[in-house]
């Protein structure tokens with residue numbers, strides 16, 4: 001089987017997570033600058049097969065689009081244009097950063113490590129991917 005890849009998009013950082021080839025476990029891959037995404041993905045996809053991109057969809061509490069939605073839409077359009085063979089799914093990303101920060105705090109890392117924003121973005125991407133895996137396994 002091929003991997004799934006998830007993104008927590010931000011204008012300054014892009015958190016990336018992937019599954020194992022059996023699509024069982026979500027693992028943080030890295031955080032990069034969004035402008036580096038096309039070249040990073042071309043390189044990664046030359047080595048690994050990915051069938052789906054899972055993109056965190058920013059929403060307000062009332063489920064309306066957030067201010068960052070336009071940036072995420074531009075990112076999704078880039079993915080569609082440059083990687084048309086890969087299916088794109090969206091997952092509600094409300095609270096993922098808060099859940100990521102809480103998870104990191106529970107790991108017992110030093111405060112300086114817990115405050116690294118790139119780590120929060122990578123863990124957020126893992127949460128987005130795990131949410132997708134859970135929904136898929138329950139038939140949603």
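The values are calculated or read from the model by the stated rules, or taken from the named source; none is laboratory data. From a predicted model like this one, the values you see are computed outputs, not experimental measurements. Reconstructed Cβ throughout: ideal geometry from the backbone, glycine too, with neighbour counts over all protein chains shown.
Before moving on, here are some points about what is shown:
- Qualifying residue in region 31-45 (condition: in contact with a strand residue (DSSP E or B) (Cβ under 7 Å, 6 or more places away or on another chain), within 14 Å of residue 133 (Cβ to Cβ) and without any contact (Cβ under 8 Å) to a residue 60 or more places away in the chain): no
- Of the residues making up region 51-69, none is more than 20 Å from residue 131 (Cβ to Cβ) and in contact with a strand residue (DSSP E or B) (Cβ under 7 Å, 6 or more places away or on another chain).
- Residue that is farthest from residue 85 (Cα to Cα), among those in region 24-57 that are assigned to a loop (DSSP other than H, G, I, E, B) and modelled with pLDDT of 95 or more: 33
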